[in-house]
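**Q** One structure, pasted below without further comment.
FYI, it's all coordinate maths here, none of it is from the lab. What you see is a predicted model; the values in this text were computed from it and never measured. Cβ atoms come from the backbone with ideal geometry, glycine included; neighbour counts cover every protein chain shown.
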Amino acid sequence: MISIIIATRDRAALLRDTLDAISRQTSPGCSFEVLVVDNASTDSTPDVVASASGHMPFPVIYLRESRSGKSHALNTAVAHARGDLLVFTDDDVLPEPQWLAGYARAFADTGADYAVGRILPLWDTPPPRWMSPALYGVLAVPDGGTDRLTISVGANEQIMPLGANMAVRKNVINTIGGWNPDLGKLQGTLRTGEDHEFALRMAAAGFIGVYEPTAAVQHRVPSDRLRLSYFLRWFYDNGGIVAGLERDFPTTSHYVLTVPRHLWRELLGDIAELIGAVAHLDTGRIVARMTRIVWFVGFARMRSRMRREAGRSSRSLPRRLGETN
């Protein structure tokens, strides 16, 4: 059995479209259910789910999670899911008709522990001239291409499992645990990192993934996210979050001023690329390199802050019995 999980908050109209798209799925060859976790909505979300439950040919289950944060909502859904395969999407996503069948086929063909599907943008308004594929990850629309790929340590690690379109065997979550509530998105913030940290734990545990392009969805991109200020803030915040993950999942043993040495090399390359882009008035390259530099600043500042806090903590530790100045 497959359990489809959707976390939602105050987006009833979009959720209705998502559920309608799921109702048009080609059979995956097994039964499936949909679990909608209402993360304290104040709109008509319960009515939308009740309506879908009344006329769709598969179970649509309403759950409510009052604790704020998508990670809490996902963990609640996992605890109630009956399927051995858990498929995740968002309330602003439109799955293609072959979506579930694509996932079922990928797991049957490869025996993978988790899978990542293709995500294509559905623009509310035409994107600005400076938009480029290098920025698509911010909008959760990174297109991994048309070929099936294996994902493991050292192989296609750039393909990141995202909540908009991913699938995981339930035994994987039983082994490594669910999503970290300290990292999940909160209403009114750009805080991210829960999917990244979850993916790092899967990799550390030795689980193997597959990228399956036929498990495709369209992800809505609202016009209010197409502002340069949004991207700069996102990259800065994300740099700080990844700096925290570096503590638990180090990428290297070589650091300069608490920052991995390879990131300093990348920074120099980004500065050089930025200068070249400015010389050629290439707005797409200018913004892409500028956001990478902002990300580095967020990363470096957080690492510096963590070092200061660790120093204060060590100085404030109580002295051992009998220790004197």
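**Q** Report the antiparallel proportion of the DSSP beta bridges in the range 1-103 as a percent, rounded to a multiple of 5.
**A** On the way: 0 of 18 bridges.
Antiparallel bridges make up about 0 percent of those DSSP assigns within the range 1-103.
**Q** Quick check: the angle from helix 283-315's long axis to the longest principal axis of the chain, C-alpha only, nearest 10 degrees?
**A** 70 degrees
**Q** Oh, and also: Counting other C-beta atoms within 10 Å, which of 195, 270 has the fewest, and how do the rest follow?
**A** The most exposed by this proxy come first: 270, 195.
**Q** Using 0.36 nm per residue, how much length does the chain from residue 175 to residue 146 gain when fully extended, once their Cα-Cα distance is taken away? It would help to have the intermediate numbers written out before the result.
**A** Numbers: separation 29, 0.36 × 29 = 10.44 nm, distance 3.08 nm.
Taking residue 175 through residue 146 to full extension adds about 7.4 nm, to one decimal.
**Q** Share of antiparallel DSSP beta bridges in the chain, in percent to the nearest 5?
**A** Numbers: 17 of 45 bridges.
Just about 40 percent of them are antiparallel.
**Q** Please get the size of the charge dipole for the chain, origin at its Cα centre, with Cβ charges of +1 on Lys and Arg and -1 on Asp and Glu, quoted in debye to the nearest 20. Could the numbers behind the result be given before it?
**A** Numbers: 36 positive and 34 negative charges, 278 e Å.
Dipole magnitude for the chain comes out near 1340 debye.
**Q** Let me ask something else about it. Report, in deg cm²/dmol and to the nearest 500, the calculated mean residue ellipticity at 222 nm for the chain, where each DSSP H run with n ≥ 4 adds -39500 (n - 2.57) and the sum is divided by the residue count. Walk me through the intermediate numbers first.
**A** Numbers: 9 runs with 137 residues, N = 325.
For the chain, the value works out to -14000 deg cm²/dmol.
**Q** So, how do all the Cα-to-Cα distances of the range 2-223 break down into 10 Å bins, in percent, from 0 on up?
**A** Over the range 2-223, the share of Cα pairs per 10 Å bin runs 8, 36, 40, 15, 1 percent.
**Q** Amide H neighbours of residue 4 under 5 Å, at least 5 residues apart or on other chains, H built in the peptide plane: list them.
**A** Placed amide hydrogens put 33, 34, 35, 87 under 5 Å from residue 4.
**Q** Could you quote the convex hull projected area for the range 1-91, Cα atoms only and averaged over all directions, in nm²?
**A** Values: hull surface 20.7 nm².
Quarter of the Cα hull surface area: 5.2 nm².
**Q** Now a separate question. What list do you get for 295, 99 if you sort them by fewest beta carbons within 10 Å? Provide the component values of the computation, followed by the final result.
**A** On the way: 295 23, 99 29.
Listed from fewest to most nearby Cβ atoms, that is 295, 99.
**Q** Could you give the nm distance between label points at residue 80 and residue 120, where each point is 7 Å from its Cα heading toward the beta carbon?
**A** Result: 3.3 nm between the two label points.
**Q** Could you state the number of Å between the C-alpha centres of the range 15-44 and the range 65-93?
**A** 12 Å
**Q** Points 7 angstrom from Cα along the Cβ direction at residue 304 and residue 281: gap in nanometres?
**A** Modelled inter-label distance: 3.6 nm.
**Q** Let me ask you something else. Please work out whether the range 74-113 counts as rounded, prolate or oblate from its C-alpha gyration tensor, where a ≥ b ≥ c are the square roots of the eigenvalues and a/c under 1.5 means rounded, while otherwise a/b larger than b/c means prolate and anything else oblate?
**A** oblate
**Q** In nm, to one decimal, how far is the modelled label at residue 293 from the one at residue 55, with both set 7 Å along Cα→Cβ?
**A** A separation of 5.5 nm, rounded to one decimal place.
**Q** Separate question: Given an 8 Å cut-off on Cα distances and at least 6 residues of separation, report the relative contact order of the chain as a percent.
**A** Here the relative contact order equals 19 percent.
**Q** Hey, what angle do you get for helix 12-23 against the long axis of the chain, alpha-carbon based, 0 to 90 degrees rounded to 10?
**A** In the chain, helix 12-23 runs at an angle near 60 degrees to the longest axis.
**Q** Another one. Cα axis of helix 261-279 to longest principal axis of the chain: angle in degrees, 0 to 90, nearest 10?
**A** 80 degrees
**Q** Can you sort 9, 233 from fewest to most other Cβ atoms within 10 Å of each residue's own Cβ? Intermediate results must be reported in sequence, preceding the final value.
**A** Details: 9 22, 233 15.
By the 10 Å Cβ count, ascending, the order reads 233, 9.
**Q** Tell me which of 297, 269, 280 sits at the most positive position along the dipole axis of the range 268-308, charges placed on C-beta atoms (Lys, Arg +1; Asp, Glu -1).
**A** 297
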